[in-house]
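The values are calculated or read from the model by the stated rules, or taken from the named source; none is laboratory data. Note that the structure is a prediction, hence the values are computed from the model and not measured. Positions of Cβ are backbone-derived with ideal geometry, glycine not excepted, and every protein chain shown enters the neighbour counts.
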Amino acid sequence: MARAEDVVERRCAITGIGQSEIGRRLGRDPLELTLEACLAAVDDAGLTLADVDGLSTYPGPMAVPSGAGAYEVIDALRLNVGWYDSGVETSGQLGSVIKACLAVGAGLADHVICFRSVWEGSAQGAGGRASLGPGGSGTGGGIPKATGITEWSLPFGSASPANWVAMFAQAHMHRYGTTEEQLAQVALNARRNAARNPKAIYRDPMTLEDYLGARMITTPLRLFDCDVPCDGATAFVVSRRELAGDLRQPPVAVEAMGSAMHDRPSWDQVADLTRLVGADAATQMWSRTSLTPADVDVAEIYDGFSYLTMLWLEAIGLCPVGESGPFIEGGERIALDGPLPLNTQGGQLSGGRLHGYGFLHEAVVQLRGDGGERQVPGRPQVAAVAAGGGYTCGCMLLTAGG
Amino acid sequence: MRILPELNDKNRHFWQGGQEGRLVLLRCRRCGYYLHPPSPICPRDRSTDIGPEAVSGLGTVASFTVNHHPWLPVPLPYVIGLVELAEQPALRLTTDIVGCEPDDVRIGMEVSVVFEHHADPDGDVWLPLFEPVGGAVGGSSGAG
């Protein structure tokens, strides 16, 4: 157990949340969407831009379309920052929020804007999804060559994280007897919840037959096991906790966070193909709090691919290792009125690929009791949030109240 | 159409070893640990005395997926596999499983390397693919 004074994230609260317009292909300037979310979060907190003295984002400017980088936003809003950071080599998308908590906990800033902005919908609309496979680099104008981490996968047609996660899922099915019908529950649960979320991308009802009848992408993953690319931005304000009480919203406190990685940063060389490297982050998170998995009232867990949610359930200890299949079977346990409501906004599978940040946003909504039609009954007090897959994983535990 | 690896001094042993029918990985000359992907230092004993060495080319299918999506302009479906090499636990190659029907691929299946030659102006490449031990039994090809 970490010493209480070392758990600096407990000096932090999430005081503001904001989301831009979200849509499959909005055709809007991604920086404009980003600023829309950032300003909404600052306003939600009851702060002004003059109060903001920090900024953190994932992943920063990249070849694969990301909405905006740190410098663009700092300049557009003329922020005076005591601390800022941006980058993709971190413990998943939440790594950027985890770093913001470290900065606030260390006194480098009082109010940090965190944002993740996605622009994949429009980008893929222009080029087609197949053209967005992890890239190669050209050598002299011919067919591009595979370089970097793609060198060892792309020549074999292993072109997408869908392929990599599919092989993890296949290994889990082989070892634990996990079934396709169990896997389906992640997608079916997300779709049920999305029907109650006006901002979700896919809201039409989906049956098990619809799911199984959809085209196979890469066995055992079908179309609805893959999240839906969209345009949109999500932002938070992470504040020093003693400043949070005077603000507009009931603060949501950061109880603990986890960033550990005790395995190789690799998609194919990890020690155990059926274990998420995020289990190390989760173990670390639990070592920083007296709460336990039994205290979790609502879980908002990454579903870039459905199977990743199952892996995270095991990694966080919300079900025993190897038993995520039976745990979600039938879907009752993870339904909105079940003992462990999961991905209450529709996840990324139906809500849209807001890339990790959508889960943290929804956790705050639920802990504030602002879920409206999709509010988890009984005023949830503790939310587990996890994002990432493969080896890029981070997780957080939030509690209601300051 | 394959997207070929960009050759450099760190990877030629791997991508061109097939010219002589050999699957070649880097190995620590001091403790015998295989390094993949290539690295200038042995993670086990921190030795930098490292060099290329042929392995048996035998392994087992640790996992696989039958890919049906046209990420690349290649015939579908094809089987992507993770092959764990016989020499060392968790020493795996991402590869294609060929020489059998996609439906016949199983986790735990014993496989052996077979090389697919690609002529290229930047330097020829021999991709290490894997087929069931005992040779091809069907008409399946990789992502070529």
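Here are the numbers for the structure shown:
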item	result
Odd one out for A:VAL277, checked against (1) among the hydrophobic types (A, V, I, L, M, F, W, C); (2) buried (at least 23 other Cβ atoms within 10 Å of the Cβ); (3) more than 14 Å from every other protein chain (Cβ to nearest Cβ); (4) under 28 Å from A:PRO339 (Cβ atoms)	(3)
Qualifying strands (runs of 3 or more DSSP E) (wholly inside the range B:1-118; at least 1 residues being surrounded by fewer than 18 Cβ atoms within 10 Å (Cβ to Cβ) and at pLDDT 95 or above)	B:50-55, B:58-67, B:110-118
B:GLY135 vs. criteria touching a residue at least 24 places away in the same chain (Cβ under 8 Å), surrounded by fewer than 21 Cβ atoms within 10 Å (Cβ to Cβ) and more than 13 Å from chain A (Cβ to nearest Cβ)	yes
Residue ID - farthest from B:HIS68 (Cα to Cα), chosen from residues in the range A:245-264 that are under 22 Å from the mean Cα position of the chain (by Cα), of a type in the set (D, E, K, R) and in a loop (DSSP other than H, G, I, E, B)	A:ASP263
Helices (runs of 4 or more DSSP H) fully within the range A:142-230 counting 2 or more residues that are at the interface with chain B (Cβ under 7 Å from one of its Cβ atoms)	A:161-176
Sole exception among (1) within 17 Å of A:ALA13 (Cα to Cα); (2) surrounded by 24 or more Cβ atoms within 10 Å (Cβ to Cβ); (3) out of contact with any Ser or Thr (no Cβ under 6 Å at 6 or more places or on another chain) for A:PRO250, by number	(2)
Residue in the range A:365-378 that is within 14 Å of the chain's Cα centre (by Cα) and over 17 Å from A:LEU313 (Cα atoms) present	no
Among the candidates A:GLU21, A:GLU5, A:GLU9, residue that is surrounded by 17 or more Cβ atoms within 10 Å (Cβ to Cβ) and either among the charged types (D, E, K, R) or under 24 Å from A:GLY107 (Cα atoms) (or both)	A:GLU9
Unmet criterion (only one of (1) aliphatic (A, V, I, L, M); (2) over 24 Å from A:LYS199 (Cα atoms); (3) buried (at least 23 other Cβ atoms within 10 Å of the Cβ)) for A:ALA68	(2)
Wholly enclosed helices (runs of 4 or more DSSP H) of the range A:311-402 bearing at least 3 residues closer than 30 Å to A:TRP119 by Cβ and touching a helix residue (DSSP H, G or I) at 6+ places or on another chain (Cβ under 7 Å)	A:347-351
Yes/no for A:GLU242 being farther than 27 Å from A:ALA335 by Cα and either out of contact with any strand residue (DSSP E or B) (no Cβ under 7 Å at 6 or more places or on another chain) or in a strand (DSSP E or B) (or both)	yes
Condition check for B:ASP96: within 10 Å of chain A (Cβ to nearest Cβ), within 16 Å of B:ARG2 (Cβ to Cβ) and not aliphatic (A, V, I, L, M)	yes
